[in-house]
Amino acid sequence: MSITMEQITELSRSAFCTAPKHLTTPQLHLVVGKAVMGEIAQNWSRSRKKHAEGRRAYYFSAEFLMGRMIYNNLYCAGILDEVKSLLKSKGIDINQFEEIEDAALGNGGLGRLAACFLDSAATQEVPLDGYGIFYRYGLFKQLIKDGYQVEVADDWLKNPDPWCIRRDDQSQIVQFADSTVVAVPYDMAIIGYGTKNINTLRLWQAEPVEGFDFLAFNDGRYDDAVKNKNNCENISKVLYPNDNSYEGKILRLKQQYFFSSASLQDIIRRYKKKYDTDFSHFAEMTTIQLNDTHPVVSIPELIRLLQKEGVDFDQAFDIAQKTFNYTNHTVMAEALEKWDTGLMKMIIPEVYAIIERINERQWNDLKYKGVEEHNINAMGIIRDGKVHMARLAMYVSSYVNGVAWIHTEILKNDVLKEWYWVYPERFQNKTNGITQRRWLGLCNPELASFITDRIGSGWLKDMSKMEKLGAHINPDSVKEFNKIKLAKKKQLAAYVKKMDGVEINPKFIFDIQVKRLHEYKRQLLNAFSIMWIYFRIKSGQLPDFQPTCFIFGAKAAPGYKRAKAIIKYINEIANLVNNDPDTKDKLQVVFVSNYNVSYAEKLVVAADISEQTSTAGTEASGTGNMKFMFNGAVTLGTYDGANVEIAQQAGEENEYIFGGRVEDIERLKKEGYDARALYNGNPMIKRVVDTLIDGTFSDGGAQGEGSFAELHNALINGTNWHHADHYFLLYDLEDYVAKKLQANTDYKDRVAFGTKCLKNVAHCGIFSSDRTILQYAEEIWKVK
Ligand SMILES: *Cc1c(COP(=O)(O)O)cnc(C)c1O
């Protein structure tokens with residue numbers, strides 16, 4: 001496809017009565033977006049019709065972390081360079097779109113995974129459409145004030161967005177016990193790269209019933225809707241800012257039911273066009289992937305909707321079981337959703353009644369299979385006044401998958417072991433991936449050209465081709481790679497200066513940890529290692545230390561006090577080491593504000609070292625680790641999540657793996673772990689940990705939870721809800737510092753270190769989400 005300057009000029013004149021060069025950035029964004037959407041309209045409707053003919057898959061997710069759309073859409077449409085020079089010919093710099101907001105309708109990895117999957121499915125021509133929520137406010141924006149996180153609402157629609165098309169005619173009604181809302185779809189085109197195929201992401205907005213034009217329905221639903229006027233358009237107002245944890249809030253349950261019900265009604269409407277009320281082909285035509293437990297209420301809702309269509313319970317149950325699949329994303333207890341039965345009964349009583357019936361059926365089923373009573377209890381959907389959503393998903397689905405090899409092993413052997421005993425055939429692994437288009441082609445054109453010059457451009461659609469780069473790793477190519485890395489570090493330094501006002505030196509090693517702030521991810525461990533190195537530089541024990549810039553970026557959930565204290569602690573360290581004349585030429589620490597997809601695109605390309613420090617057994621996969629690998633950083637990480645497979649692919653000698661393994665952590669948990677003994681037994685551990693309480697830093701006088709003293713106490717004494725140091729920082733700290741210093745020493749030999757980096761690039765192919773999505777398509781959805 002192609003667009004012309006005439007098209008852009010015409011749209012500019014008709015919408016704003018002026019030439020493109022006089023438009024504001026949001027106006028120009030609108031104009032270019034409209035031009036692209038106009039051009040793709042035909043391919044989009046052709047793709048939709050084609051998908052309607054056969055079996056198709058749907059991805060249900062409460063989060064889609066799409067990031068900034070404009071560059072990616074131009075890139076996937078194959079017109080980024082063209083539009084860039086068109087604009088340039090009119091004196092317009094395409095970089096001004098850097099001002100355009102990200103679509104941040106997700107928290108972190110889980111939401112970004114959904115976005116990468118859509119990109120890959122569109123490119124690989126897999127008939128996969130996404131369903132989610134059109135949040136009016138996405139993930140909050142983060143400011144750092146005096147070292148503390150401050151949250152600001154993400155008003156991402158304050159300027160109109162050209163990439164979403166409102167489809168009033170496809171609206172649905174969603175009914176709660178106390179209210180009724182209209183679900184209005186906003187459709188985003190998901191443009192496949194190097195193909196005419198275009199998939200759809202349909203996001204629902206909740207709107208009040210009053211004022212809605214029900215004439216379009218003409219089927220009696222109006223009467224239902226007006227019966228209850230207690231509307232709640234608040235439902236799609238804001239994304240819950242929790243990552244890897246949940247809050248049992250009414251509004252959150254309403255959000256989950258809202259988009260699940262609207263999406264299922266939409267799917268049923270489409271199905272009925274073909275088969276009317278004969279639902280015997282439903283599971284043949286439809287497969288639905290549940291992204292974590294957030295959309296699991298879809299299971300009883302589908303049964304309810306089918307019953308309303310005249311299908312009996314047993315058949316509806318059977319259809320649901322064949323239709324749904326469930327992806328587990330976490331083993332963290334605080335993230336496993338359990339809704340209060342009372343709450344469910346109050347909000348969605350008909351759905352709750354169906355869950356009770358499923359629960360009864362489960363008991364009979366398991367009894368019949370001879371499962372022992374205590375195991376039935378461990379699997380029970382309704383237990384102790386709670387509905388266990390993961391168990392509901394396990395029972396009424398065809399397949400369950402983990403998201404990295406080690407994670408799936410933990411599910412089978414530990415978290416879901418009773419399920420594995422009864423239904424081993426349901427378990428699969430689908431190691432996560434990321435799209436090489438956004439995370440290499442678009443964000444690192446310099447490295448992309450380096451690769452394409454050597455192996456051709458086939459890797460953009462087939463990452464197995466990346467292996468061929470291995471034959472091109474030699475001292476000359478490594479030097480060229482190192483030059484590219486330096487250029488990306490300079491670009492990042494300029495960006496950090498602009499966004500955060502901090503000067504960083506591109507000649508330093510860039511050691512980067514960016515991800516959500518969470519105790520299990522252990523940013524605090526990284527902070528401790530910096531203090532360790534700081535003290536040793538001060539006392540003259542590290543004369544050969546290669547200057548290093550430690551970069552952090554992370555949002556903390558607003559209610560997560562400890563995470564916020566850790567942000568403040570890192571900023572206190574930055575303040576100390578950046579201003580100490582003994583260290584400022586060797587150590588820099590910067591905490592960049594508002595880490596998001598667009599910032600990630602600038603960070604992952606500039607890293608020498610990728611920090612992946614989660615406690616073994618806690619990070620299901622991680623995808624940030626893959627972004628760094630694609631762009632030629634070595635991993636300094638634990639044997640956790642996809643790090644295990646990254647080391648396996650690139651060779652362990654090309655990463656820096658440290659710390660306890662899953663087996664070690666298991667043993668410590670079983671046999672007892674004495675954090676205090678480690679603290680008292682190693683003066684260096686004691687010294688760095690005590691910087692939390694010895695006056696080195698100030699937490700601004702914070703009391704109790706969220707104070708530095710509380711962090712210290714949690715490590716050394718524990719609390720009434722967890723053991724001392726429950727993420728094993730002190731256990732891993734010494735080995736971590738040793739591996740960090742080893743990487744620092746290795747960096748001196750620039751060719752040897754650059755070779756490690758390039759080996760990571762050459763062996764990153766399997767972490768393409770194209771590979772992941774084709775596995776889902778073949779092994780779970782059976783649509784390919
Ligand atoms: C990739 C990504 C994540 C996930 O990072 P992990 O290191 O896997 O936790 C989170 N947030 C953003 C903005 C991302 O782009």
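Just checking, how many residues over region 366-398 are of a type outside the set (Val, Ile, Thr) and more than 20 Å from Tyr352 (Cβ to Cβ)? Give the derivation first.
Residues of region 366-398 that are of a type outside the set (Val, Ile, Thr), as a first pass: 366-370, 372-375, 377-380, 383-386, 388-395, 397-398.
From what's left, more than 20 Å from Tyr352 (Cβ to Cβ): 366-370, 372-375, 377-378, 398.
Within region 366-398, residues that are of a type outside the set (Val, Ile, Thr) and more than 20 Å from Tyr352 (Cβ to Cβ) number 12.
Please state which of the following conditions Asp169 fails to meet, knowing it meets all the rest: (1) crowded, with 16+ Cβ neighbours inside 10 Å; (2) modelled with pLDDT of 95 or more.
Against the list (1) crowded, with 16+ Cβ neighbours inside 10 Å; (2) modelled with pLDDT of 95 or more, Asp169 comes up short only on (1).
Kindly establish whether Phe630 is crowded, with 24+ Cβ neighbours inside 10 Å, in contact with a helix residue (DSSP H, G or I) (Cβ under 7 Å, 6 or more places away or on another chain), on the phi < 0 side of the Ramachandran plot and of a type in the set (Phe, Trp, Tyr).
Spelling it out, Phe630 is indeed crowded, with 24+ Cβ neighbours inside 10 Å, in contact with a helix residue (DSSP H, G or I) (Cβ under 7 Å, 6 or more places away or on another chain), on the phi < 0 side of the Ramachandran plot and of a type in the set (Phe, Trp, Tyr).
Output the residues belonging to region 518-531 that are away from the ligand (no atom under 16 Å from the Cβ) and either of a type outside the set (A, V, I, L, M, F, W, C) or in contact with a Phe, Trp or Tyr (Cβ under 9 Å, 6 or more places away or on another chain) (or both). Talk me through it step by step, then tell me what you get.
So the first thing to find is which residues in region 518-531 are away from the ligand (no atom under 16 Å from the Cβ), and the list is 527-531.
Across region 518-531, the qualifying residues are Ala527, Phe528, Ser529, Ile530.
Counting just the residues of region 87-118 that are among the charged types (D, E, K, R) and in contact (Cβ under 8 Å) with a residue 24 or more places away in the chain, which one comes out farthest from the ligand (Cβ to nearest atom)? Even if it seems obvious, please write down each step before you answer.
Applying the first criterion (among the charged types (D, E, K, R)) to region 87-118 yields 88, 90, 93, 98-99, 101-102, 112.
So of that shortlist, the ones also in contact (Cβ under 8 Å) with a residue 24 or more places away in the chain come out as 90, 98-99, 101-102, 112.
Working: Lys90: 33, Glu98: 16, Glu99: 18, Glu101: 14, Asp102: 8, Arg112: 4 Å.
Looking at the filtered set, the residue picked out is Lys90.
In region 417-453, which residues are in a loop (DSSP other than H, G, I, E, B) and either surrounded by fewer than 19 Cβ atoms within 10 Å (Cβ to Cβ) or not hydrophobic (A, V, I, L, M, F, W, C) (or both)?
Keep residues of region 417-453 that are in a loop (DSSP other than H, G, I, E, B), which gives 423, 430-433, 435, 443-444.
Once the filter is applied, which keeps residues that are in a loop (DSSP other than H, G, I, E, B) and either surrounded by fewer than 19 Cβ atoms within 10 Å (Cβ to Cβ) or not hydrophobic (A, V, I, L, M, F, W, C) (or both), region 417-453 yields Tyr423, Lys430, Thr431, Asn432, Gly433, Thr435, Asn444.
If Arg562 meets every condition in (1) closer than 27 Å to Glu334 by Cα; (2) more than 16 Å from the ligand (Cβ to nearest atom); (3) crowded, with 23+ Cβ neighbours inside 10 Å apart from one, which number is that one?
(3)
What residue, among those in region 652-673 that are touching a residue at least 12 places away in the same chain (Cβ under 8 Å) and in a loop (DSSP other than H, G, I, E, B), is nearest to His407 (Cα to Cα)?
Here the residue is Arg661.
Do any helices (runs of 4 or more DSSP H) entirely within region 3-109 hold 3 or more residues that are closer than 30 Å to Arg270 by Cβ and within 27 Å of the chain's Cα centre (by Cα), and if so, which?
Correct list: 25-53, 70-76.
For region 719-741, what are the residues that are outside any loop (DSSP other than H, G, I, E, B) and among the acidic types (Asp, Glu)? Reasoning before the result, please.
Narrowing region 719-741 to residues outside any loop (DSSP other than H, G, I, E, B): 719, 722, 729-741.
Selection gives Asp732, Glu734, Asp735.
Can you tell which of Ala633, Ala607 is closer than 23 Å to Tyr569 by Cβ and more than 10 Å from the ligand (Cβ to nearest atom)?
Values: Ala633 fails: closer than 23 Å to Tyr569 by Cβ.
Only one candidate qualifies: Ala607.
Could you tell me whether any residue of region 575-584 is basic (Lys, Arg), more than 12 Å from the ligand (Cβ to nearest atom) and within 23 Å of Leu733 (Cα to Cα)?
no
Based on this model, can you work out whether Lys602 counts as more than 16 Å from the ligand (Cβ to nearest atom), closer than 18 Å to Lys497 by Cα, out of contact with any strand residue (DSSP E or B) (no Cβ under 9 Å at 6 or more places or on another chain) and not polar (S, T, N, Q)? Steps first, please.
Details: more than 16 Å from the ligand (Cβ to nearest atom): no; closer than 18 Å to Lys497 by Cα: yes; out of contact with any strand residue (DSSP E or B) (no Cβ under 9 Å at 6 or more places or on another chain): yes; not polar (S, T, N, Q): yes.
Criteria not met by Lys602.
Checking the structure you have, find out if any residue of region 753-766 is over 29 Å from the mean Cα position of the chain (by Cα), modelled with pLDDT of 95 or more and surrounded by fewer than 16 Cβ atoms within 10 Å (Cβ to Cβ).
Checked against the condition, which is being over 29 Å from the mean Cα position of the chain (by Cα), modelled with pLDDT of 95 or more and surrounded by fewer than 16 Cβ atoms within 10 Å (Cβ to Cβ), region 753-766 yields no hits at all.
Give, as residue ranges, the helices (runs of 4 or more DSSP H) completely inside region 504-618 that count at least 2 residues that are among the hydroxyl-bearing types (Ser, Thr, Tyr) and within 21 Å of the chain's Cα centre (by Cα).
Numbers: elements: 523-538, 561-579, 597-603.
By residue number, 597-603.
Just need a number here: residues in region 314-328 that are surrounded by 21 or more Cβ atoms within 10 Å (Cβ to Cβ) and either free of Cβ contacts under 8 Å to residues at least 12 places away in the same chain or touching a strand residue (DSSP E or B) at 6+ places or on another chain (Cβ under 8 Å) (or both).
Matching residues across region 314-328 total 6.
Conditions: (1) within 16 Å of the ligand (Cβ to nearest atom); (2) out of contact with any Ser or Thr (no Cβ under 9 Å at 6 or more places or on another chain); (3) more than 30 Å from Lys273 (Cα to Cα). Lys84 meets all but one. Number of the miss?
It is condition (1) that Lys84 fails.
Arg750 versus (1) in contact with a helix residue (DSSP H, G or I) (Cβ under 8 Å, 6 or more places away or on another chain); (2) buried (at least 17 other Cβ atoms within 10 Å of the Cβ); (3) within 17 Å of Ile509 (Cβ to Cβ): which is the lone unmet condition?
Checking Arg750 against (1) in contact with a helix residue (DSSP H, G or I) (Cβ under 8 Å, 6 or more places away or on another chain); (2) buried (at least 17 other Cβ atoms within 10 Å of the Cβ); (3) within 17 Å of Ile509 (Cβ to Cβ), the one that fails is (2).
For Lys515, indicate whether it is within 16 Å of the ligand (Cβ to nearest atom) and touching a Gly at 6+ places or on another chain (Cβ under 7 Å). Full working, then the answer.
Details: within 16 Å of the ligand (Cβ to nearest atom): yes; touching a Gly at 6+ places or on another chain (Cβ under 7 Å): yes.
Yes; evaluated as a whole, the condition is true for this residue.
Do any strands (runs of 3 or more DSSP E) entirely within region 162-215 hold 1 or more residues that are within 25 Å of the chain's Cα centre (by Cα) and not β-branched (Val, Ile, Thr), and if so, which? Talk me through it step by step, then tell me what you get.
Numbers: elements: 164-166, 172-176, 179-191, 198-207.
In region 162-215, 164-166, 179-191, 198-207 are the strands (runs of 3 or more DSSP E) which contain 1 or more residues that are within 25 Å of the chain's Cα centre (by Cα) and not β-branched (Val, Ile, Thr).
Any residue that is among the β-branched types (Val, Ile, Thr), out of contact with any Gly (no Cβ under 9 Å at 6 or more places or on another chain) and in a loop (DSSP other than H, G, I, E, B) - is there at least one of those in region 378-389? Please lay out each step first, then the result.
To start, the set of residues in region 378-389 that are among the β-branched types (Val, Ile, Thr) comprises 381-382, 387.
After this cut, where a residue has to be out of contact with any Gly (no Cβ under 9 Å at 6 or more places or on another chain) as well, the list is 381-382, 387.
Narrowing the set further to residues that are in a loop (DSSP other than H, G, I, E, B) leaves 381.
Looking for residues that are among the β-branched types (Val, Ile, Thr), out of contact with any Gly (no Cβ under 9 Å at 6 or more places or on another chain) and in a loop (DSSP other than H, G, I, E, B), one finds at least one in region 378-389, hence yes.
Under the condition of being in a helix (DSSP H, G or I) and of a type outside the set (Phe, Trp, Tyr), which residue from region 619-629 is farthest from the ligand (Cβ to nearest atom)? Break it down into steps so the answer makes sense when it comes.
To start, the set of residues in region 619-629 that are in a helix (DSSP H, G or I) comprises 624-629.
The next check asks that each one be of a type outside the set (Phe, Trp, Tyr); those that pass are 624-627, 629.
Working: Gly624: 2, Asn625: 6, Met626: 8, Lys627: 6, Met629: 12 Å.
Only one residue fits best here, namely Met629.
For the subset of region 636-651 comprising residues that are in a helix (DSSP H, G or I) and within 21 Å of the chain's Cα centre (by Cα), which member is nearest to the ligand (Cβ to nearest atom)? I'd like the intermediate steps shown before the answer.
Within region 636-651, the subset in a helix (DSSP H, G or I) is 643-650.
Among the residues that remain, those that are also within 21 Å of the chain's Cα centre (by Cα) are: 643-646.
Working: Asn643: 10, Val644: 14, Glu645: 14, Ile646: 12 Å.
Filtering first and then ranking leaves Asn643.
Would you confirm whether or not region 301-313 contains a residue that is under 22 Å from Phe117 (Cα atoms) and either crowded, with 23+ Cβ neighbours inside 10 Å or modelled with pLDDT of 95 or more (or both)?
Within region 301-313, the subset under 22 Å from Phe117 (Cα atoms) is none.
No, that holds for no residue.
Could you list all residues from region 692-717 that are part of a loop (DSSP other than H, G, I, E, B) and without any contact (Cβ under 8 Å) to a residue 60 or more places away in the chain?
Within region 692-717, the first condition is being part of a loop (DSSP other than H, G, I, E, B), and the residues that meet it are 693-707, 717.
Selection gives Ile693, Asp694, Gly695, Gly701, Gln703, Gly704, Asn717.
Conditions (1) at pLDDT 95 or above; (2) buried (at least 16 other Cβ atoms within 10 Å of the Cβ); (3) under 30 Å from Met5 (Cα atoms), marked per residue:
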position: Ser47; (1), (2), (3): yes, yes, yes
position: Arg56; (1), (2), (3): yes, yes, no
position: Asn72; (1), (2), (3): yes, yes, yes
position: Gln96; (1), (2), (3): yes, no, yes
position: Ala103; (1), (2), (3): yes, yes, yes
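Could you check region 43-78 and list, in sequence order, the residues that are within 16 Å of the ligand (Cβ to nearest atom) and not acidic (Asp, Glu)?
Within region 43-78, the first condition is being within 16 Å of the ligand (Cβ to nearest atom), and the residues that meet it are 61-69, 71-72.
Residues satisfying the conditions are Ser61, Ala62, Phe64, Leu65, Met66, Gly67, Arg68, Met69, Tyr71, Asn72.
Does Gly147 fit the bill of being within 12 Å of the ligand (Cβ to nearest atom), at pLDDT 95 or above and of a type outside the set (Phe, Trp, Tyr)? Can you show your working first?
Working: within 12 Å of the ligand (Cβ to nearest atom): no; at pLDDT 95 or above: yes; of a type outside the set (Phe, Trp, Tyr): yes.
So Gly147 does not fit the description; no.
The values are calculated or read from the model by the stated rules, or taken from the named source; none is laboratory data. It should be emphasised that the depicted structure is a prediction, and the values quoted were computed from it without experimental measurement. Neighbour counts run over all protein chains shown; Cβ positions are idealised from the backbone, glycine included.
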